[in-house]
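Single-structure report; data block below.
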Amino acid sequence: MLIRERADTDLPRLEEILRATYQRDGYPFRAESVSADWLVRHGDLAWVLVVDGVVVGHVALCLPPGASPSVDGSRGAEIVRYFVASEARGTGGASRLLHHALAEARERAGDAWLVVMPHNAQAVAAYLRAGLIPDGEDSWTDAEGVHHPLLRFRAPGSRASADHESGSPRQVA
């Protein structure tokens, strides 16, 4: 099991995994987001999980402007585009990938947070097992004006408060 930076050559395989994830879990939220373009659109940094030479997972970070671990009040990095192929679930790889992103977020931005759609019970359970802390509710309004509720989680030991004025989820759809 290996975690490495995402390469452009990984995108076709990641799009294939993302398509299956959308069919199974409804993630990403919109079918038109199942694309390589969506994967690279909002992540400042991205990594893949590789098992036996095959890419099986992905995670990215969105860093806030001027991100620094020493900036008090920073909302930290948002963990985005996190998904793992069904054949890799239950192997510990998804947890390793998430913890890698959490460590990178702490190093680069001092903190980390993410949002999840409430219907994705499997993801919510995984975040709780990983030690992430429920941090209230958020929402996202799509291009058609439909409001979608989200659950927000923050990293263990987070300096962030439940006050979300400094940041809102940008990477849901």
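The values are calculated or read from the model by the stated rules, or taken from the named source; none is laboratory data. Worth saying up front: this structure is predicted, and the values here are computed from it rather than measured. Reconstructed Cβ throughout: ideal geometry from the backbone, glycine too, with neighbour counts over all protein chains shown.
Checked against (1) more than 15 Å from residue 158 (Cβ to Cβ); (2) free of Cβ contacts under 8 Å to residues at least 60 places away in the same chain; (3) out of contact with any helix residue (DSSP H, G or I) (no Cβ under 8 Å at 6 or more places or on another chain), residue 113 passes all but a single condition, namely (1).
If you check residue 130 against the conditions, is it in contact with a Ser or Thr (Cβ under 7 Å, 6 or more places away or on another chain), farther than 17 Å from residue 4 by Cα and of a type outside the set (Phe, Trp, Tyr)? Answer is yes for this residue. Go through 59, 34 for me and flag whichever is under 24 Å from residue 148 (Cβ atoms) and modelled with pLDDT of 95 or more. Sole residue among the options that is under 24 Å from residue 148 (Cβ atoms) and modelled with pLDDT of 95 or more: 59.
Set side by side, the residues 59, 50 differ, and just one is surrounded by 20 or more Cβ atoms within 10 Å (Cβ to Cβ) and in contact (Cβ under 8 Å) with a residue 40 or more places away in the chain, which is 59.
Residues that are part of a helix (DSSP H, G or I), at pLDDT 95 or above and aliphatic (A, V, I, L, M) within the stretch 1-31 comprise 11, 14, 17, 18, 20, listed in sequence order.
Here's the yes/no breakdown for (1) outside any loop (DSSP other than H, G, I, E, B); (2) aliphatic (A, V, I, L, M); (3) at pLDDT below 55; (4) within 18 Å of residue 105 (Cα to Cα):
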position	(1), (2), (3), (4)
137	yes, no, no, no
145	no, no, no, no
148	yes, no, no, no
151	yes, yes, no, no
159	no, no, no, yes
164	no, no, yes, yes
169	no, no, yes, yes
173	no, yes, yes, no
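Just checking, does the stretch 97-111 include any residue being touching a strand residue (DSSP E or B) at 6+ places or on another chain (Cβ under 8 Å), closer than 28 Å to residue 144 by Cβ and either crowded, with 16+ Cβ neighbours inside 10 Å or at pLDDT 95 or above (or both)? No: zero hits. Listed by first and then second residue, the pairs with beta-carbon distance under 6 Å, at least 6 apart or on different chains, first residue in the stretch 83-109 and within 15 Å of residue 13 (Cβ to Cβ), second in a helix (DSSP H, G or I), are 83/21; 84/94; 85/17.
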